[in-house]
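The values are calculated or read from the model by the stated rules, or taken from the named source; none is laboratory data. Model, not experiment: these values are computed from the prediction. Neighbour counts run over all protein chains shown; Cβ positions are idealised from the backbone, glycine included.
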């Protein structure tokens, strides 16, 4: 196994070009968090190529330090992450990765209803709108309900007993639990959001 460089993390204010990108694509007046309360969290992660990369998320300032510790543990576990950059999440849509497998955090939007229900919004804020939720590898960790998902490329990952790279494991769940965050894969009922971790568990 190839040795990895030491883990690193940096938390910085959301300013300059990143602030402009987020304001253009993911924030608007009326959002439940001010831009000044968001931070850019830069962390080491292991890519699907098995080597070290540097990624970035926009998170609530209160979540930055706990999440840095979570990603430290994910790095130690060599959990594979496909894409995790601000450009992938907030840049022009035409430049987003074609596979849509982007790990991200802040997005000022409503909670998405279960695939059982359909529609695009629930009328309540998502935890992402507060910068207090992270989605990991949405292709490998789909949002499912009633045997359905909005992403056909995720269907091969409905079988959670067959583990493949990038799929959330119990060790990953425990890393988030160590800072008090819950997992959408543990929701009761037929709806599971395997990519989703949040400060409230919702």
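Go through region 7-22 and give me each residue that's out of contact with any strand residue (DSSP E or B) (no Cβ under 8 Å at 6 or more places or on another chain), exposed (fewer than 14 other Cβ atoms within 10 Å of the Cβ) and either in contact (Cβ under 8 Å) with a residue 12 or more places away in the chain or not in a loop (DSSP other than H, G, I, E, B) (or both).
Result: 16, 17, 20.
Restricting to region 145-161, count the residues that are within 19 Å of the chain's Cα centre (by Cα) and closer than 18 Å to residue 173 by Cα.
The number of residues fulfilling the criteria is 3.
Yes or no: region 89-98 includes at least one residue that is without any contact (Cβ under 8 Å) to a residue 40 or more places away in the chain, in contact with a helix residue (DSSP H, G or I) (Cβ under 7 Å, 6 or more places away or on another chain), over 30 Å from residue 147 (Cα atoms) and surrounded by fewer than 16 Cβ atoms within 10 Å (Cβ to Cβ).
Narrowing region 89-98 to residues without any contact (Cβ under 8 Å) to a residue 40 or more places away in the chain: 92-98.
Add one more test, that the residue is in contact with a helix residue (DSSP H, G or I) (Cβ under 7 Å, 6 or more places away or on another chain), and what stays is 95-97.
From what is left, the residues that are over 30 Å from residue 147 (Cα atoms) are 95.
The next check asks that each one be surrounded by fewer than 16 Cβ atoms within 10 Å (Cβ to Cβ); those that pass are 95.
Yes, there is a match, as at least one residue in region 89-98 is without any contact (Cβ under 8 Å) to a residue 40 or more places away in the chain, in contact with a helix residue (DSSP H, G or I) (Cβ under 7 Å, 6 or more places away or on another chain), over 30 Å from residue 147 (Cα atoms) and surrounded by fewer than 16 Cβ atoms within 10 Å (Cβ to Cβ).
For region 104-202, give me every one of the strands (runs of 3 or more DSSP E) that falls completely inside it and has 3 or more residues that are crowded, with 16+ Cβ neighbours inside 10 Å and at pLDDT 95 or above.
133-135, 196-198
Can you find a residue in region 73-85 that is on the phi > 0 side of the Ramachandran plot, in contact (Cβ under 8 Å) with a residue 12 or more places away in the chain, surrounded by fewer than 16 Cβ atoms within 10 Å (Cβ to Cβ) and under 17 Å from the mean Cα position of the chain (by Cα)?
Yes, that holds for at least one residue.
Out of (1) farther than 17 Å from residue 136 by Cα; (2) without any contact (Cβ under 8 Å) to a residue 12 or more places away in the chain, what's the single condition that is false for residue 49?
All conditions are met except number (1).
From the list 33, 59, exactly one residue is over 15 Å from residue 166 (Cα atoms), in contact (Cβ under 8 Å) with a residue 40 or more places away in the chain, surrounded by 16 or more Cβ atoms within 10 Å (Cβ to Cβ) and more than 15 Å from the chain's Cα centre (by Cα). Which is it?
Every option except 33 fails the conditions.
Does region 61-76 include one or more residues that are closer than 23 Å to residue 149 by Cα and either touching a strand residue (DSSP E or B) at 6+ places or on another chain (Cβ under 6 Å) or not in a helix (DSSP H, G or I) (or both)?
The answer is no, given that none of the residues of region 61-76 is closer than 23 Å to residue 149 by Cα and either touching a strand residue (DSSP E or B) at 6+ places or on another chain (Cβ under 6 Å) or not in a helix (DSSP H, G or I) (or both).
Sort out which residues of region 184-200 are out of contact with any helix residue (DSSP H, G or I) (no Cβ under 8 Å at 6 or more places or on another chain) and farther than 21 Å from residue 102 by Cβ, and write them in order of number.
Within region 184-200, 187, 188, 189, 190, 191 qualify.
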